[in-house]
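Participant: Below you'll find the structure I mean.
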Amino acid sequence: MINLIKVELYKLKTSKTFLAVIFLSVLQSILCPIIFSQTMTGKQVLITVFETQDVIGFFMLVGLFTAFYIADEFSSKYIKNLIVYGHRRRDILMAKIIVYYIGITIISLISPILITIINTFINGYGEAITLNTLMFIIRVFMLMLLVYIGLSSIAVLIAVICKNSTLVIISLIVLDSINRFGLAFAIRNSIVDLIYSNIIFGQKVNAVAEKLSILQGTKVIVISLITIAVSIFLSIYFFEKADIR
């Protein structure tokens, strides 16, 4: 398992797709303050970026990364070779998922960090930097990271089921479209809003809230962890049942 993780870390560092996604994230981080948020403070843009990141390209970046880091391993026969060499399927997938989460952490947080730093440098943070300020920043980043990993876990499940990079990208584009429609419809319909408030796609509202109760924070954590656990369990199940050729 440790050796598998080391191999996956090396592949992540040398992945052209991963580097390209990071480049796009950095480019977005530079352009957003210039084009959209010249007058926003660091705190305002921190909240805004996290509120909107999943509808301004996050799924596209995650889709590219997932397609080429996980789904492509099936078509390239890499995973088949690992199985032939005697590695357990569960270990193969878990090693890949662990390193995948490292990649997702970098991809999902690089834009909020850079954009917040740029806007804080230009317009200030918007309030005095106190211990409460730092706690708020840490809390938002930790909760949103959980949400992003939860969303990305669904992408892993799709990749394991599809085993094809093109199908993964198409599936995530469809999922992205459904999410956009659902978010818009939730504003007008209380039933849809109730559904969204209890699934991973609706947790960013609480995660970035300035005033967050213990119950709301716990809800974000629990729903994210359940999504991650169920997605991993199903991914392992389908991977172990799959006919790898």
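The values are calculated or read from the model by the stated rules, or taken from the named source; none is laboratory data. The structure displayed is predicted, hence computed values, not measured ones. As a convention, Cβ positions derive from the backbone with ideal geometry for all residues, glycine included, and neighbour counts pool all protein chains shown. Just the protein is used for accessible areas: all its heavy atoms, side chains included, with ligands, DNA and RNA removed. Shrake-Rupley method; radii C 1.70, N 1.55, O 1.52, S 1.80 Å.
Participant: In the list 11, 6, which residue meets the criterion of being closer than 30 Å to residue 88 by Cα, part of a helix (DSSP H, G or I), modelled with pLDDT of 85 or more and open to solvent by less than 50 Å² (accessible area, probe 1.4 Å)?
Facilitator: Exactly one residue qualifies, and that residue is 11.
Participant: Among the residues of segment 170-192, what is the count of those that are part of a helix (DSSP H, G or I) and surrounded by fewer than 17 Cβ atoms within 10 Å (Cβ to Cβ)?
Facilitator: First pass over segment 170-192, keeping only residues part of a helix (DSSP H, G or I): 170-188, 190-192.
Keeping just the survivors that are surrounded by fewer than 17 Cβ atoms within 10 Å (Cβ to Cβ) gives 170, 173-174, 177-178, 180-181, 184-185, 187-188, 190-191.
So the count comes out to 13.
Participant: Please count how many residues of segment 193-231 are hydroxyl-bearing (Ser, Thr, Tyr), over 29 Å from residue 161 (Cβ atoms) and either in a helix (DSSP H, G or I) or touching a residue at least 60 places away in the same chain (Cβ under 8 Å) (or both).
Facilitator: Of the residues in that region, 1 qualify.
Participant: Here is a further query. Filter segment 129-147 down to the residues that are among the aliphatic types (A, V, I, L, M) and either closer than 27 Å to residue 219 by Cβ or part of a helix (DSSP H, G or I) (or both) and list them by number.
Facilitator: The answer is 131, 134, 135, 137, 138, 140, 142, 143, 144, 145, 146, 147.
Participant: Then there's this: Pick from 150, 126: which is small (Gly, Ala, Ser) and outside any helix (DSSP H, G or I)?
Facilitator: 126
Participant: Another question about this same structure. Scan (1) surrounded by 22 or more Cβ atoms within 10 Å (Cβ to Cβ); (2) touching a Pro at 6+ places or on another chain (Cβ under 9 Å) for the single condition residue 122 breaks and write down its number.
Facilitator: Answer for residue 122: the failing condition is (1).
Participant: Filter segment 21-31 for residues that are under 15 Å from residue 104 (Cβ atoms) and touching a residue at least 40 places away in the same chain (Cβ under 8 Å); which is surrounded by the fewest Cβ atoms within 10 Å (Cβ to Cβ)? Outline the logic, then answer.
Facilitator: Filtering segment 21-31 for residues under 15 Å from residue 104 (Cβ atoms) gives 21-22, 24-25.
Still in the running and touching a residue at least 40 places away in the same chain (Cβ under 8 Å): 21-22, 25.
Details: 21: 23, 22: 17, 25: 22.
Only one residue fits best here, namely 22.
Participant: Suppose we filter 72, 54 for residues that are in a helix (DSSP H, G or I), acidic (Asp, Glu) and at pLDDT 75 or above; which single one remains?
Facilitator: So the residue among 72, 54 that is in a helix (DSSP H, G or I), acidic (Asp, Glu) and at pLDDT 75 or above is 72.
Participant: If a residue has to be more than 17 Å from the chain's Cα centre (by Cα) and either under 14 Å from residue 146 (Cα atoms) or assigned to a helix (DSSP H, G or I) (or both) to count, how many in segment 232-245 make the cut?
Facilitator: 8
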